[in-house]
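Structure first, commentary second.
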Amino acid sequence: MTADLRVSGERLWASLCDTARFGAIPGTARGMCRLTLSDEDIAVRTWFVAACQDIGMTVTSDRIGTLFARREGSEPGLPPIAIGSHLDTQPTGGRFDGILGVLAGLEVARTLHDAGVVTRHPIEVIDWTNEEGARFAPAMVASGVFAGEFSLDYALAAKDRDGVTLGEALARSGFAGEQDVGAHPLAAHFELHIEQGPVLENERLEIGVVSGVQGIRWYDVVVKGQTCHAGTTPMALRRDALHGAARLAIMVDDIGRSDPGASLSTIGLFQAWPGSRNTAPGEVRLTVDLRHPAVVGLDRMEAALRDSVAALEADLGVTIALSPVWSSPPVVFDPGVLGAITAATQRLGYSHRTMLSGAGHDSVYTARVAPTGMIFVPCEGGLSHNVAENITPAEAEHGANVLLQAVLDYDRSNS
Ligand SMILES: [Zn+2]
């Protein structure tokens with residue numbers, strides 16, 4: 001019975017520890033530097049290809065170097081169910097962000113291989129190129145080209161700090177394939193990932209069923225008033241840019257509290273000029289980051305931000321320029337994939353909750369072209385993009401078991 005199948009937690013943990021030598025940062029417990037298509041990334045890709053071929057999988061790559069390790073199914077013509085994430089890391093990253101998703105995919109394939117299970121759909125384990133965006137910007141670039149967000153030429157022309165392009169690094173690596181990027185239909189895309197936040201750990205839950213990714217809007221704000229003498233200018237006659245910016249900061253915080261559990265607002269950067277103890281600032285520059293899981297929510301927050309700006313301009317005699325600089329729409333994952341993940345989690349008896357992802361993942365883009373869903377497992381202290389990033393072997397095993405059972409479920413009930 002495939003419902004009784006379980007991954008080997010020990011073997012998965014051994015893969016995580018073994019591959020951590022490709023890019024381990026000396027002097028740290030678990031720190032990793034495995035930048036896209038560096039020698040370390042080439043080494044882990046070579047390891048991954050060999051491990052997949054060892055159990056009879058066929059590995060191909062597309063023109064941006066994304067690896068597709070395929071285990072054939074029994075029904076010809078069905079597109080593959082994919083298990084994807086990334087093997088590259090931040091320059092001071094950990095050994096689980098992305099890596100868990102790919103190596104858990106390998107563990108699922110090994111488990112099916114050992115049990116002699118043949119699924120209806122082919123199963124493919126995917127290592128998406130350059131998810132982190134640390135060596136080449138933007139992040140999630142290969143899945144972005146796959147989904148039509150970026151052109152291939154744009155992606156291959158991205159340069160690292162030394163002026164090497166992604167295309168040149170790819171040619172050197174030997175991992176550039178012939179397949180056109182995106183010309184690879186997927187029946188579904190499952191991604192297991194560490195949460196990279198503190199919610200599951202705080203609530204002592206084993207699994208997060210990720211229903212989507214919140215939308216993000218960024219703004220630059222410049223508040224202009226008049227610089228004046230701190231001792232000679234009566235309060236009533238001032239047009240103090242910092243006063244306007246401070247009032248705006250409180251209003252932005254209120255906007256983040258307006259829809260509890262959904263809305264988030266942050267002012268991450270705040271600078272006043274000229275920066276002298278006895279001069280009222282004439283100019284303040286600040287950034288605003290608004291997040292919400294729904295477009296209507298983001299629209300409402302943006303409208304409130306514009307109203308706040310207009311009210312302050314009228315009240316205080318300052319001018320406030322508000323410029324949108326970037327926006328990422330919310331993503332809602334597929335109900336069928338989420339249903340399979342939830343059913344698997346319940347059958348396995350793991351404690352869980354539904355939650356949103358606060359960070360971007362390759363699944364953001366695959367969701368545009370294939371039914372997609374994600375599984376989160378807790379990480380210590382919510383830390384990620386940090387050499388201290390950590391999870392336990394049991395957490396990795398739970399996530400991989402959910403992945404295995406959800407993929408089997410999906411394979412049975414979809415075509
Ligand atoms: Zn990641």
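The values are calculated or read from the model by the stated rules, or taken from the named source; none is laboratory data. Computed from a prediction, not measured in an experiment: that's the story for all the values here. In this analysis, Cβ positions are derived from the backbone assuming ideal geometry, glycine residues included, and neighbour counts consider all displayed protein chains. Quick note on the areas: whole protein, heavy atoms, side chains included, nothing else; ligands and nucleic acids left out. Shrake-Rupley method; radii C 1.70, N 1.55, O 1.52, S 1.80 Å.
Across region 153-174, the number of residues qualifying as open to solvent by 30 Å² or more (accessible area, probe 1.4 Å) and hydrophobic (A, V, I, L, M, F, W, C) comes to 4. The condition (being in contact with a Gly (Cβ under 8 Å, 6 or more places away or on another chain), more than 20 Å from residue 15 (Cα to Cα) and open to solvent by 10 Å² or more (accessible area, probe 1.4 Å)) is satisfied by just one residue among 339, 358: 358.
Could you pull out the residue among 182, 144, 197 that is surrounded by fewer than 22 Cβ atoms within 10 Å (Cβ to Cβ), under 19 Å from residue 365 (Cβ atoms) and either touching a residue at least 60 places away in the same chain (Cβ under 8 Å) or within 16 Å of the ligand (Cβ to nearest atom) (or both)?
Details: 144 fails: surrounded by fewer than 22 Cβ atoms within 10 Å (Cβ to Cβ); 197 fails: under 19 Å from residue 365 (Cβ atoms).
182 is the lone residue from the list that is surrounded by fewer than 22 Cβ atoms within 10 Å (Cβ to Cβ), under 19 Å from residue 365 (Cβ atoms) and either touching a residue at least 60 places away in the same chain (Cβ under 8 Å) or within 16 Å of the ligand (Cβ to nearest atom) (or both).
Highlighted here are the strands (runs of 3 or more DSSP E) found entirely within region 20-134 that include at least 3 residues which are without any contact (Cβ under 8 Å) to a residue 60 or more places away in the chain: 67-71.
Among the listed residues 267, 250, which satisfies the condition of being open to solvent by 60 Å² or more (accessible area, probe 1.4 Å) and within 24 Å of residue 303 (Cβ to Cβ)? If you could, list the steps in order and put the result at the bottom.
Working: 267 fails: open to solvent by 60 Å² or more (accessible area, probe 1.4 Å).
Matching residue, one of 267, 250: 250.
The set of residues from region 168-193 being closer than 30 Å to residue 373 by Cα and outside any loop (DSSP other than H, G, I, E, B) comprises 170, 179, 188, 189, 190, 191, 192, 193.
Those residues that are crowded, with 18+ Cβ neighbours inside 10 Å and either under 24 Å from the mean Cα position of the chain (by Cα) or of a type outside the set (A, V, I, L, M) (or both), I need them from region 253-263; list them, please. Break it down into steps so the answer makes sense when it comes.
So in region 253-263, the residues crowded, with 18+ Cβ neighbours inside 10 Å come out as 255-256, 263.
Correct list: 256, 263.
Among the conditions (1) modelled with pLDDT of 95 or more; (2) open to solvent by 50 Å² or more (accessible area, probe 1.4 Å); (3) small (Gly, Ala, Ser); (4) within 21 Å of the chain's Cα centre (by Cα), the only one that residue 370 does not satisfy is (2). When you scan region 389-399, do you find a residue that is within 16 Å of the ligand (Cβ to nearest atom), open to solvent by 30 Å² or more (accessible area, probe 1.4 Å) and among the acidic types (Asp, Glu), even just one? Checked against the condition, which is being within 16 Å of the ligand (Cβ to nearest atom), open to solvent by 30 Å² or more (accessible area, probe 1.4 Å) and among the acidic types (Asp, Glu), region 389-399 yields at least one hit. Residues in region 287-303 that are within 17 Å of residue 254 (Cα to Cα) and either surrounded by 14 or more Cβ atoms within 10 Å (Cβ to Cβ) or within 22 Å of the chain's Cα centre (by Cα) (or both): 287, 288, 289, 290, 291, 292, 297, 298, 300, 301, 302. Restricted to region 152-167, and to residues there that are touching a Lys or Arg at 6+ places or on another chain (Cβ under 9 Å) and not aliphatic (A, V, I, L, M), the residue that is farthest from the ligand (Cβ to nearest atom) is 165. Kindly indicate whether residue 137 is surrounded by fewer than 24 Cβ atoms within 10 Å (Cβ to Cβ), aliphatic (A, V, I, L, M) and touching a Ser or Thr at 6+ places or on another chain (Cβ under 7 Å). Criteria not met by residue 137. Residues that are part of a loop (DSSP other than H, G, I, E, B) and of a type in the set (Asp, Glu) within region 194-229 comprise 195, 203, 206, listed in sequence order. Whenever a residue of region 306-326 is of a type in the set (Asp, Glu), its partners that are open to solvent by less than 30 Å² (accessible area, probe 1.4 Å), lying with C-beta atoms within less than 7 angstrom and at least six residues away or across chains, give the pairs 313/320. Take the conditions (1) among the hydrophobic types (A, V, I, L, M, F, W, C); (2) more than 30 Å from residue 78 (Cα to Cα); (3) at pLDDT 95 or above; residue 147 misses just one of them, which is (2). Residue 385 meets the conditions (1) open to solvent by less than 50 Å² (accessible area, probe 1.4 Å); (2) within 15 Å of the ligand (Cβ to nearest atom) in every case but one. The failed one is (1). Number of residues in region 200-235 that are open to solvent by less than 50 Å² (accessible area, probe 1.4 Å), under 30 Å from residue 282 (Cβ atoms) and over 20 Å from the mean Cα position of the chain (by Cα): the value is 8. Exactly one residue out of 295, 332 is out of contact with any strand residue (DSSP E or B) (no Cβ under 6 Å at 6 or more places or on another chain) and closer than 30 Å to residue 410 by Cβ: that is 295.
Say we look at region 310-331 and pick out the residues that are closer than 30 Å to residue 360 by Cβ and in contact with a helix residue (DSSP H, G or I) (Cβ under 7 Å, 6 or more places away or on another chain); which of these is most open to solvent (accessible area, probe 1.4 Å)? Lay out the reasoning, then the answer.
First pass over region 310-331, keeping only residues closer than 30 Å to residue 360 by Cβ: 320-331.
If we keep only those that are in contact with a helix residue (DSSP H, G or I) (Cβ under 7 Å, 6 or more places away or on another chain) too, we end up with 320, 322, 329-331.
Numbers: 320: 16, 322: 31, 329: 71, 330: 30, 331: 20 Å².
In this case the residue turns out to be 329.
The single condition among (1) at pLDDT 95 or above; (2) surrounded by 13 or more Cβ atoms within 10 Å (Cβ to Cβ); (3) touching a Gly at 6+ places or on another chain (Cβ under 9 Å); (4) closer than 30 Å to residue 397 by Cβ that residue 284 does not satisfy is (4).
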